[in-house]
Structures are given as C-alpha cells and as structure tokens.
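The values are calculated or read from the model by the stated rules, or taken from the named source; none is laboratory data. Everything numeric in this text was worked out from a predicted model, so none of it was measured. Here the Cβ is made from the backbone with ideal geometry for all residues, glycine too, and neighbour counts use every protein chain on show. Heads up: the accessible areas ignore ligands, DNA and RNA and are worked out on the full protein's heavy atoms, side chains in. Shrake-Rupley method; radii C 1.70, N 1.55, O 1.52, S 1.80 Å.
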Amino acid sequence: MTIAYIAESAGVSIPTVSKVLNGRSGVSDETRARVEQLIHEYGYRKPPQSRSNLVELVFRELEHMWSVEIIRGVERVARRNGVGLLVSEFGLSDADGRTIGDTVGRRPQAVLSVAQLLETEREQLTAKGIPFVVFDPIDELPDGVPFVGATNWRGGQAATRHLVELGHRRIAMISGPDHDFCRARLSGYVSALAEAGLPTDPGLVVKTQLSREHGYVAARGLLSRPDRPTAVFTANDMQALGVYQAARELGLGIPHDLSVVGFDDVPAVAWMDPPLTTVHQPLAEMATAATELALALGRGEAVPQVGLEIVTTLTVRESTAVPKEE
C-alpha cells in the first residue's frame, strides 16, 4: 500500500495525503475524514524513518568558556563510535524560531542537551524514538530522565573546608541563581562551616548571576565592609574573575589580603594572576559519560543506571593562603 494509491482512491494529491498523515493543516475537514477513512481501511502505516548517523549537542548558549571542554568530550566518543557530531544552539524562546522540533526533524542517533530539557521537548524526542541525556542539569529532573552531573555539594564542602583549614573564619560565598546545582554548592559551604563550628553569616552570602560582572558587584559590596571577609568562595570561575577585579581596585592583594576559590576549573583560570584555586568539574569526562550513555540508549542496550554524578576535586593553586594577621 502506497501514499499514491490512497491519494488516487481519495481523489486528492499525494501532498494532501502527506499532510493528513503528519497532522498538518491546510486540508478541509471533509477531505481529511475521507483520507483517514481510506488509511484505516487499507491499514496503511508510515514506513519507519531511519535515524541519521549524528549525535546532536544542544546548548542554550555557547558563550561560556566551558563549552569547548564539553564539545571535546562528546566529539571524542562520537568519533570512536563512527558517529558525526552536530552542535546547535537555541534558547527557550529563540528569536530565530529555532526549537527542539528542528532537532527532531534531523533525527539524530541521540541528543545531549546542556543544562536543561523541558518536559515538552522530552515528549517530542520520546515520541520520535530519539534517546536523550541532560548534561549537568540546572534543576531537578523527574525520575527516569537520563542525566550526567557533578557532585556539586561535595565540591562546595571541599572548597570551604580548604579555607577553614588554612585558618580563615570570615568566609564569604558569592552564590548563583536559585537552581539545584547552585543550592547544592551553597549547602556544601554551609555544611563545612557548621562542621568547623562556624556560623553562617547571612551578610557574607550573596546570591547573584553567574557572570564576571555580577561577581564584581557582589565582591565590591563584601570587600567594602568594615569587617570584610578574609576569603571568598564563588559558585563559578567567572564570578571569581569579578572578585579579582574588585580586590585589585580596592588595593587588596590575592592571596596576601584575600583568598579566593572558584568552581568549574575552566582551562583559562590556570593563567590568572595568581592562578586560581578552584573546584575541578570534570567537564570532558562528564561529556564522555553522557555521550556513551546516550548512544547506548540509542542502541537499545540495558544500562545499569540512567543518572550519573561524576566526582569533583579541589585544585589548589596560588589564590589561597593563611589569613594575614591583623
């Protein structure tokens, strides 16, 4: 049974039958009903579409420095499996009209979505049999949604412990927006302070955006206090860059007057002056694990678990030291 035969039987064109099959507009109710009746009578089924030999990596924004690390990890696994890599970018309300529907239309072997994947987007991919994995999700996902993340709570705890062990007692944190991973890093900070018998001073915790500019503004406020902190832990490395700028403008030396710890360990921070102590988030390793998981799901393989958290570690460089004696 072919579309051409149904079109001839219904007295319509082949494109009209195609519109009915794909649920598109542009067909009158009467014609649609006649075509659907013939499709039912003849038992016509659309032939299954084969997926392209691609894995698609979707970013909401490509501006972050760590994007290259993610691409590198995905490409490594894709090449090893003989699969091409397509990188795409679209926002939640993209001005160019790009949506997950474009990705679905390309029918990749699997989709890796950085940070988030909305319920409606997951439904579209599932309906077409396209497996997906959410990379480093910013918010909690429903049970059963495949993801690969990092141990954010442990990273926040390790960073703060390091500062406590150096002898710091007034430790500030510049946190991020109200996302799960930011809350986890902040919770690790609070836990390490409590473990050391230190209270959490609300005046030393600032929640802001994860950018250099916002880190700078937050640091100016913290470092201008008469009882300024001797150390600052930031929710990401970009905020730490802002802390460096604020400290420099206020005549504070790092680490002589102020210790700074970041989070992510993007390659550029090793070249800062001084090199930044930071929590290493193994982005390339996470991307490798996420790609392997997505391709395994695409092959229909049983996987031991659909949610993975890769361990973070503290990378100590030259931006932290014992506090200066007053």
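So here's what we get for this one:
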read-out: Long-range neighbours under 6 Å by Cβ, at least six apart or interchain, first residue of a type in the set (Asp, Glu) within region 121-148, second in a loop (DSSP other than H, G, I, E, B); value: Asp139/His179
read-out: Total residues in region 4-38, condition modelled with pLDDT of 80 or more and under 29 Å from Pro131 (Cβ atoms); value: 3
read-out: Scan of region 108-132 for residues that are among the β-branched types (Val, Ile, Thr) and not in a strand (DSSP E or B), ordered by number; value: Thr120, Thr126, Ile130
read-out: Thr315 vs. criteria open to solvent by less than 70 Å² (accessible area, probe 1.4 Å), among the hydroxyl-bearing types (Ser, Thr, Tyr) and more than 24 Å from Leu241 (Cα to Cα); value: no
read-out: The one condition in (1) in the same structural domain as Cys182 (by the TED database); (2) in contact (Cβ under 8 Å) with a residue 60 or more places away in the chain; (3) outside any loop (DSSP other than H, G, I, E, B) that Asp257 fails to fulfil; value: (3)
read-out: Single unsatisfied condition, Ser211 versus (1) open to solvent by less than 50 Å² (accessible area, probe 1.4 Å); (2) at pLDDT 95 or above; value: (2)
read-out: Filtered residue count, region 194-211, keeping only those that are assigned to a helix (DSSP H, G or I) and aliphatic (A, V, I, L, M); value: 2
read-out: Matching entry among Ala246, Ala268 (being over 18 Å from the mean Cα position of the chain (by Cα), at pLDDT below 95 and either assigned to a helix (DSSP H, G or I) or in the same structural domain as Arg169 (by the TED database) (or both)); value: Ala268
read-out: Residue match in region 176-183 (condition: touching a residue at least 24 places away in the same chain (Cβ under 8 Å), surrounded by 18 or more Cβ atoms within 10 Å (Cβ to Cβ) and among the hydrophobic types (A, V, I, L, M, F, W, C)); value: yes
read-out: Test for Ala294: is it in a helix (DSSP H, G or I) and at pLDDT 95 or above; value: no
read-out: Matching residues in region 76-107 - criterion: being among the hydrophobic types (A, V, I, L, M, F, W, C) and either modelled with pLDDT of 85 or more or assigned to a helix (DSSP H, G or I) (or both); value: Val77, Ala78, Val83, Leu85, Leu86, Val87, Ile100, Val104
read-out: Selection from region 225-262 of residues that are closer than 20 Å to His280 by Cβ and among the acidic types (Asp, Glu); value: Asp237
